[in-house]
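Worksheet: the structure to be examined is printed underneath.
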Amino acid sequence: MRAVYGIVVRELVRFLRQRARAVSSVARPFVWLIFAGAGFATVFSGAGAIDYRRYMTPGLVGMVVMFGALLASLSTVTDRDAGVLRMVLVAPIRRSTVALGKALGATLLGTLQALVVGAILVPLVGLSPTPAGAALALGAVVLTSLALGALGLVLAASIRSLENFAGVMNFVVFPMLFLSGALYPLRRLGPALQLLARVNPLAYGVDLLKHALLADWAGAGFGGELPIALDVAALAVCAGVGLVVAAPLLAREGGVTRTAFRAGAK
Amino acid sequence: MSPAAIEARGLGKDYGSIRALDRLDLEVQDAEFFGFLGPNGAGKTTTVHLLATLVQPSRGAARVAGHDVVRASLRVREKIGLVFQDTTLDRDLTVEENLRFAARLWDLPGRVGGPRIERLLGTFGLLERRRDPVRTLSGGMRRALDVARGILHEPRVLFLDEPTAGLDPRARRSLWELILELRRSLGLTVFLTTHYVEEAEPCDRVAVLDRGRLVALGSPAELKRATGVRSLEEVFLARTGHPLAEPGPG
């Protein structure tokens, strides 16, 4: 348990020290609110029923969670590059402990960033959730961070180099965002895209956030679309599967010797 | 009698068609200073990673501090310290934060880890740099911190994989004095890999490795006497038919 704590603390200290990363992660949703918000509002069919900036608020909070948790987990790639991962792997702890520590670190970072953004954004667009709604939103943020943190860990453990990092980010992050219901309701999409949205963990997180923040507009069709229990279950499954898959992938770090041997044999 | 610190039987590792380590039989006694001498690519690092449970053997078996490296890898990792060829420190964290991170990974409570970190910072001349990020340290200081990190949990066996690689001669000498001093004061088993003969000289025994095979084993004096030569360099040449090192330092 002390090892998990150590891993989480390190993630937090590193994050707080990278000012630019912290500032941009908090500023990003507001940039979206201003530019995407203004643009999408002009074509948004719900106009009249709900202000578009309110509609996109749960999605923006979800977006913060996604960037926060995924990026935190993907730091495993830089850890491998810098050699830090080897120090962790030679410690007398199980691979699953390493995976858990990393995922909890990502959960903490995703949650912190979402809370900061949410605390500004929610009152800014004039939403006032009930205490129960606020509690549900907090739960949604924590659970989504954990699920995406675990997913990010699977990606990070599979990515071999920093060069692939940016490519994966673009390939995963944007489809995930657009198929999450963050910017428009999913129910009008075609069946193929609906299916993709069903395997998108962020979609369940955003749906849960809509239950929490847009309950007043549920009648007009802009609240959560899926049962809360299904959202929670899907996120929990994603987190569990992610951790189980990631742990042995981290152990494959034996690759360090292989690379060292090749480099030495040259 | 306590079990040997390290015991390998027919230990080997293949990477695809590359035979990194053939069949190694080896016994290292408690508190022994053991040198593993060979050129780059001889299989030294592979051996260390096998003994440190970081990779699985393709054949054979090994026990470290009495525990099997495959079946009891966690127990083995509790008992060993490993200083990797390349630094494994977090460059963005401070000297002290790196040690505290390691202390938590090795499950040392604060009241045990704290005083130990203080002591090590003193021993390794890092007290004044404790709050500086590791990236601002010189190569020699980083290496010293790597070693401090490696012995923080008071291992029984310390693996040093080419610890002086990439250091200038002065930093190399001071690190070397530190290692010898640690050995004297802690009495721990040291397993050193190197391709510098002068680093293998002070070892109790030296294993000479070439292309994944053990070609000689004994004390430096024995090896030289048995081969009828005056240096370990010549021992290597006589046993393998080719020189140990490429010309020039480095």
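Over the protein assembly as shown, all Cα pairs binned in 20 Å intervals from 0 give whole-percent P(r) values of 21, 44, 24, 9, 1, listed from short to long.
The value for region B:1-58 of Rg(Cα) / (2.2 N^0.38 Å) is 1.17. Here the ratio of the Cα radius of gyration of region B:182-250 to 2.2 N^0.38 Å is 1.15. Working note: 222 nm ellipticity from helices only, DSSP H runs with n ≥ 4, each -39,500 (n - 2.57), summed and divided by the residues of the protein assembly as shown, gives -19000 deg cm²/dmol to the nearest 500. Tell me which of B:Ala61, A:Gly39, B:Leu11 sits at the most positive position along the dipole axis of the protein assembly as shown, charges placed on C-beta atoms (Lys, Arg +1; Asp, Glu -1). The residue sitting most towards the positive pole is A:Gly39.
Prolate is the label for region A:115-183. Its Cα gyration tensor axes, ordered a ≥ b ≥ c, give a/c of at least 1.5 and a/b above b/c.
Under a Gaussian network description of chain A, with springs only between Cα atoms under 10 Å, the residue in A:Val23, A:Val64, A:Val77 that fluctuates furthest is A:Val23. Rounded to the nearest Hz, the phi-derived 3J(HN,Hα) couplings of region A:148-160 under the Karplus curve 6.51 cos²θ - 1.76 cosθ + 1.60 (θ = phi - 60°) are 6, x, 5, 5, x, 5, 4, 4, 4, 6, 8, 6, 9, where x marks glycine and proline.
Sequence-distant contacts, meaning Cα pairs under 8 Å at least 6 residues apart, place the relative contact order of chain B at 25 percent. When the alpha carbon gyration tensor of region A:141-247 is reduced to an equivalent ellipsoid, its three semi-axes come out at 26, 16, 11 angstrom, largest first. Its Cα gyration tensor gives region B:103-164 an equivalent ellipsoid; the semi-axes, largest first and in whole Å, are 19, 16, 10. Counting every pair of alpha carbons in region A:26-164, the share spaced more than 22 Å apart comes to 48 percent. Ignoring aspartates and glutamates fewer than eight residues from A:Lys210 along the same chain, the ones with Cα atoms less than 16 angstrom from its Cα are A:Asp51, A:Glu225, A:Asp231.
In chain A, Cα pairs under 8 Å separated by at least six residues give a relative contact order of 25 percent.
Above 25 Å, the calculated P(r) of region B:105-250 contains 38 percent of its Cα-Cα pairs.
Computed over every Cα-Cα pair of region B:29-140 and binned at 5 Å starting from 0, the pair-distance distribution P(r) comes out as 2, 10, 15, 18, 18, 16, 14, 6, 1, 0 percent. Under Stokes-Einstein, with the Kirkwood radius over Cα pairs as Rh, the value for region B:6-240 at 25 °C and 0.890 mPa s is 134 µm²/s. When the P(r) of chain A is calculated, the portion above 36 Å amounts to 16% of the C-alpha pairs.
One decimal place: the segment A:Val43-A:Phe174 gains 45.1 nm when fully extended, by the rule 0.36 nm per residue minus the C-alpha distance. Straight-line cross-link reach from B:Lys79 at under 22 Å between alpha-carbon atoms covers these lysines, not counting any fewer than eight positions away in the same chain: B:Lys44. Scaling against 2.2 N^0.38 Å puts the C-alpha radius of gyration of region A:79-232 at 1.18. Each peptide in A:241-247, A:66-72 was scored by the mean count of other Cβ atoms within 10 Å over its residues; highest first, the order is A:66-72, A:241-247.
No value in this document is a laboratory result; all are computed from the given coordinates. Not measured: the values here are computed from a predicted model. Note: ideal-geometry Cβ built from the backbone for every residue, glycine included; neighbour counts use all protein chains shown.
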